[in-house]
Amino acid sequence: MIGFVLGGIIGWGILAPSLTPRETGSGTGRQRAPERGLPIGDFELTRLDGEKVRLSDFRGMPVVINFWASWCEPCKKEMPVFQAVFSERPEEFVILAVNPEEGRETAEEFAESVGLTFPILLDENKEMQKQLMVRGLPTTFFVDAEGVLRAQHVGELNRQLFTDYLAKIGVQP
């Protein structure tokens with residue numbers, strides 16, 4: 001009986017955090033994880049050329065936000081897929097490739113080696129990574145033209161999955 005009660009308490013301690021909205025911080029500074037169906041919130045990051053970019057700059061257009069690094073094998077596999085799909089319809093959506101792990105030179109070398117034409121952004125202080133509660137790479141967010149989060153995917157995306165997610169933000173094949 002004691003084992004049963006103890007097992008229940010331990011199980012609840014493990015399960016309970018996953019049943020409540022994710023938050024970080026303490027007191028009034030709590031931050032909620034982005035939720036599907038709600039606005040994702042604005043941010044400002046720096047492009048490789050030094051230009052500042054805000055998510056709100058792309059209001060009215062579907063946006064894919066991808067967190068990546070050049071050392072990440074799944075990231076290296078999915079980037080050519082992103083570029084191929086983006087090249088087919090660059091006027092229909094934008095990809096913001098956010099690198100929270102590496103400096104400008106490393107990110108630029110990788111982008112050039114793969115031939116990426118969409119914006120590469122640096123999250124040097126990992127503020128955006130924290131804001132969106134990114135825990136692993138690659139992580140991709142799909143935001144509709146109104147700035148509402150419609151989907152999130154952790155892990156490598158192949159072409160089929162990528163286009164399926166794009167459909168959720170209004171980009172049709």
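List the GluC sites (Glu not before Pro) within the stretch 80-148 that fall in a DSSP loop (any state other than H, G, I, E or B) and whose Cβ has at most 15 other Cβ atoms within 10 Å. If you can, show how the numbers build up before the last one.
Working: sites: 88, 91, 92, 101, 102, 105, 108, 109, 112, 124, 127, 146; in loops: 91, 92, 101, 102, 124, 146.
The qualifying sites are 91, 92, 124, 146.
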Relative counts (whole %) of C-alpha pair distances in the stretch 38-168, using bins that are 10 Å wide: 13, 50, 36, 2
Spatial separation of Cα centroids for the stretch 106-162 and the stretch 54-87, in angstrom: 5
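Read-outs throughout are calculated quantities, based only on the coordinates presented, and are distinct from any laboratory measurement. Only a predicted model underlies this, so the values are computations on that prediction, with no experimental measurement involved. No Cβ is skipped: glycine too gets one built from the backbone with ideal geometry, and neighbour counts run over all protein chains shown.
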